Structure formats: C-alpha cells, structure tokens
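Enquirer: Please read through the structure below; I'll follow up with questions.
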Amino acid sequence: MSMTRSIFKRELGSYFTTPLAYVFIVIFLALNGVFTFYMGGWFEREQADLQPFFDYHPLLYLFLIPALSMRLWAEERKSGSIELLMTLPISTWQAVAGKYLAAWVFSGIALTLTFPVWITANYLGDPDNPVIFASYIGSFLMAGAYLAIGSCVSAFTRNQVIAFVIAVVVCFVFVLSGTPLVLDLFKGWLPQILIDTISGMSITTHFNAILKGVIELRDIVFFMSFIVCWLMANIIVVEMKKSD
C-alpha cells in the first residue's frame with residue numbers, strides 16, 4: 001500500500017508541476033459554463049436545479065477524460081521510463097492503481113471547482129441539494145469509469161494521440177449502448193433480456209439513474225465493477241508490454 005501511495009503522490013504532483021493541470025481545469029470549467037448557461041439554457045429554464053449542468057457531463061467527459069488519461073502509460077513507454085518504473089520494488093497492480101487513483105483524484109478536484117454553479121443555484125432559488133449531491137457522486141463515478149478505459153488503452157501504445165482516439169471511441173460505445181437509438185436497432189429480433197443487458201452495460205444508463213437523486217447499490221456496483229475490470233485489463237496489458 002505504501003508503494004501505491006508513493007506512485008499516487010508522484011503522479012498527482014506531476015500534474016501541477018506542468019501547465020497541464022491548470023490548462024485542463026480552465027478548459028473543464030469553461031466548457032461546463034458554456035454547456036450549462038448557453039447550450040443548456042439554464043437561466044431561460046427558470047428552475048433552480050443543475051440538470052443542464054450534469055446532462056452534458058457524459059459528452060464533456062467523452063473528450064476531456066481521454067485527454068487526461070492518454071499520457072498515463074503512453075508517455076511512460078515513449079520516454080522509456082516504464083522500464084525504470086518496473087525495476088522498482090513495486091508490483092504492476094500497485095503502479096496501475098497509483099497512477100489511476102492520481103488521475104481520478106485530479107478529475108475530482110476539477111469537478112469540485114465547479115461548486116460556484118451549485119452556490120449560484122442556491123442563491124437564485126431553492127434547489128433539491130440532496131439530488132445535486134447525488135449527481136456529483138454519479139459524475140465522479142462516471143469520470144472514474146472513463147479513466148479506467150483510458151488508462152487501459154494508454155498502456156497499448158506509445159502514441160498519446162492514438163491512445164486518445166481509441167479511448168474516445170471505446171467510451172463512446174459504452175455511452176451510446178444505452179440510448180434509444182441503439183436499443184431500437186435490436187428490438188424485434190433480440191430477446192428482451194439481451195436488450196436489457198446491452199442497456200445495463202451503458203455508463204449513461206446508470207449515471208442517469210443517479211441523476212434522479214437515488215444512489216442505488218446496483219449503480220454503485222456497476223461503476224466499481226466496471227472500473228475494476230478495466231484496471232485488471234490494464235494490469236494484463238502492462239505485463240504483456242514489459243518486453244516491448
């Protein structure tokens with residue numbers, strides 16, 4: 001655990017020693033503002049809630065989270081520092097967990113910095129704060145799911161651009177799978193149980209459930225299982241790529 005903590009501290013600190021962290025946070029906050037107040041028409045709705053704010057998070061994360069995760073392993077492999085990392089008295093799962101948790105905490109910091117929107121909603125009206133709090137938790141879990149995919153994909157290649165593109169595509173598949181556009185394609189020729197399975201594998205299906213203000217165990221289990229599965233795949237890929 002101490003080695004995981006060391007990797008975590010090193011990775012999290014590395015974000016703030018370069019302009020990367022500040023650029024990411026500024027872009028994240030700016031896009032949140034654009035989606036909420038302009039595209040979401042928050043003021044025009046005249047409702048004291050943050051539905052427009054959270055509705056765009058699946059789309060926002062679709063590009064920003066892969067941009068954050070693409071460097072996790074691709075940069076290590078390109079610079080050759082992964083060989084040094086693997087020679088340390090640390091297991092692969094500790095390295096994967098440390099790097100992943102650092103990226104997840106960093107994304108959580110960026111999400112926390114959107115609190116002025118929540119304050120604004122309370123200033124202008126009387127929002128359902130427990131629902132907003134649950135939505136923040138759902139958004140954080142969704143970011144973790146995106147990051148788990150991105151981290152695994154990043155371990156496949158030395159090229160960060162390729163890692164970014166593939167991660168976006170894979171994340172998009174898990175986002176789109178729960179939409180009526182996809183489910184309607186299977187209705188009529190697939191059993192309902194398979195259609196429900198496809199819908200249940202969608203990140204947005206579980207995120208939208210949490211947006212209602214009820215954090216059910218099945219949604220928590222889905223996100224945590226999803227993250228663990230992708231991190232396990234991440235470990236396997238890193239082990240396979242050691243000799244490359």
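Enquirer: Conditions: (1) crowded, with 18+ Cβ neighbours inside 10 Å; (2) modelled with pLDDT of 85 or more. Thr4 meets all but one. Number of the miss?
Expert: (2)
Enquirer: Filter the stretch 110-125 down to the residues that are surrounded by fewer than 15 Cβ atoms within 10 Å (Cβ to Cβ) and assigned to a helix (DSSP H, G or I), then identify the one that is modelled with the highest pLDDT.
Expert: Looking at the filtered set, the residue picked out is Thr112.
Enquirer: Does Leu183 meet the test of being part of a helix (DSSP H, G or I), farther than 20 Å from Leu60 by Cα, out of contact with any strand residue (DSSP E or B) (no Cβ under 9 Å at 6 or more places or on another chain) and touching a residue at least 12 places away in the same chain (Cβ under 8 Å)?
Expert: It is true that Leu183 is part of a helix (DSSP H, G or I), farther than 20 Å from Leu60 by Cα, out of contact with any strand residue (DSSP E or B) (no Cβ under 9 Å at 6 or more places or on another chain) and touching a residue at least 12 places away in the same chain (Cβ under 8 Å).
Enquirer: Under the condition of being surrounded by fewer than 20 Cβ atoms within 10 Å (Cβ to Cβ) and not in a helix (DSSP H, G or I), which residue from the stretch 126-155 is farthest from the chain's Cα centre (by Cα)?
Expert: Filtering the stretch 126-155 for residues that are surrounded by fewer than 20 Cβ atoms within 10 Å (Cβ to Cβ) and not in a helix (DSSP H, G or I), the one farthest from the chain's Cα centre (by Cα) comes out as Asp126.
Enquirer: Moving to a separate point now. Cβ-Cβ below 8 Å, separation at least six or inter-chain, first residue in the stretch 193-213 and without any contact (Cβ under 8 Å) to a residue 60 or more places away in the chain and among the β-branched types (Val, Ile, Thr), second part of a loop (DSSP other than H, G, I, E, B) and surrounded by fewer than 16 Cβ atoms within 10 Å (Cβ to Cβ): which pairs?
Expert: Qualifying pairs under 8 Å: Ile195/Lys187.
Enquirer: Right, here's the next one. Can you tell me which residue in the stretch 10-65 is surrounded by the most Cβ atoms within 10 Å (Cβ to Cβ), limited to those that are out of contact with any Pro (no Cβ under 6 Å at 6 or more places or on another chain) and among the small types (Gly, Ala, Ser)?
Expert: Ala21
Enquirer: So, one more: Just for the stretch 171-180: of the residues that are assigned to a loop (DSSP other than H, G, I, E, B) and touching a helix residue (DSSP H, G or I) at 6+ places or on another chain (Cβ under 6 Å), which one is modelled with the lowest pLDDT?
Expert: Gly178
The values are calculated or read from the model by the stated rules, or taken from the named source; none is laboratory data. This is a predicted model, so every value here is computed, not measured. So basically every Cβ, Gly included, is an ideal-geometry build from the backbone, and we count neighbours across all protein chains shown.
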